[in-house]
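**Student:** I'd like to ask some things about the structure below.
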Amino acid sequence: MCNFAANFVLDMKNLEEEILQKSLELFMEYGIRNVSIDTICNELRISKKTFYSYFKQKEDLVDAILTYDEKINVEEMKKRFGNKNAIESLISVLKEIKKNIDCQPKLMWLDIKKYYPKVYEKHEIRRRSIIRKDFEMNLQQGVEEGFYRDDLDIELLSVLHSYQLKNIMTSMSQYPKKYSKKRLVDFFIDIMIHIIANEKGLEYVRNNYYESES
């Protein structure tokens, strides 16, 4: 009986994850407004009754998808960059931002912002909180390792970092031909590194980042 109950719970969790995975895949490709609950159910070959046993409405699904996607991204970042020193980790993350800057599912995010503003705001706040906490940890690690200045205001810098890149991209997007996204991200990287790094850190970056980009 106990084994049956455990397997039942596992199957439920597996199906929930399948719904999230398939929905995220469809939303990223077609946008949220263009994908109905019927489409999701047909793709997964489940009934709408089964779907609604997990998510009462589409907004709940959108909320859960953002949490799911966020969890996957955080785990992937920790797996890939968790064992690096602070400046290697920062460089790797900034490279990843630049590599993925044009791969964001724009239509999906536009739909979330327009049709699910409360969900959008909730996850924007959480996203900024995660970025802020991770950057605080990176700054503390970098100071301890001798790559970053030891007089940094870590709290204020982490807040600035959590807002800065998105604000730069949003403000400058009105000049897409003159200011490419790659140029803007490189500009942001250059500013951030020169704010936080000491001479040892700047030398490390020159040897391991700028030369590799040329």
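**Student:** What ³J(HN,Hα) values, in whole Hz, does the Karplus curve 6.51 cos²θ - 1.76 cosθ + 1.60 give for the stretch 116-128 when θ = phi - 60°, with x put for Gly and Pro?
**Tutor:** 10, x, 5, 5, 4, 5, 4, 7, 5, 4, 5, 4, 5
**Student:** Then there's this: At a 1.4 Å probe, what is the % contribution of carbon and sulfur to the accessible area of the stretch 14-55?
**Tutor:** Values: 990 of 2490 Å².
Here it works out to 40 percent.
**Student:** What residues qualify as long-range amide H neighbours of Y148, i.e. H under 5 Å apart, gap of 5 or more or another chain, H built at 1.01 Å from N?
**Tutor:** Here the answer is V143, N198, since their amide H atoms fall under 5 Å of that of Y148.
**Student:** Taking a probe of 1.4 angstrom, what is the accessible area of D190 in Å², to the nearest 10?
**Tutor:** Estimated to the nearest 10 Å², D190 gives 60 Å².
**Student:** Next up: Please turn the phi angles of the stretch 83-95 into ³J(HN,Hα) values with the Karplus equation 6.51 cos²θ - 1.76 cosθ + 1.60 (θ = phi - 60°), one per residue in order, whole Hz, x for glycine and proline.
**Tutor:** Listing the rounded values in order: 9, 8, 6, 4, 6, 5, 4, 4, 4, 4, 5, 5, 4 Hz.
**Student:** With every protein chain left in place, what is the accessible area of V143 in Å² (1.4 Å probe, nearest 10)?
**Tutor:** The value for V143 is about 50 Å².
**Student:** Another question, if that's okay. As a test of reading the structure, rank M77, M192, M28 by solvent-accessible area (1.4 Å probe, protein chains only), most first.
**Tutor:** On the way: M77 70, M192 0, M28 90 Å².
Per-residue accessible area, sorted high to low, gives M28, M77, M192.
**Student:** Additional query: Can you tell me the dipole magnitude for the stretch 46-154 around its Cα centre, using point charges on the Cβ only (Lys, Arg +1; Asp, Glu -1), in Debye to the nearest 20? Mind dumping the intermediate values first?
**Tutor:** Values: 23 positive and 20 negative charges, 152 e Å.
Dipole about the Cα centre, nearest 20: 720 debye.
The values are calculated or read from the model by the stated rules, or taken from the named source; none is laboratory data. Just so it is clear, the model here is predicted, and its values are computed rather than measured. Positions of Cβ are generated from backbone atoms using ideal geometry, with glycine treated the same way; all protein chains shown enter the neighbour counts. What goes into the accessible areas is simple: the full protein's heavy atoms, side chains included, and nothing from ligands, DNA or RNA. Shrake-Rupley method; radii C 1.70, N 1.55, O 1.52, S 1.80 Å.
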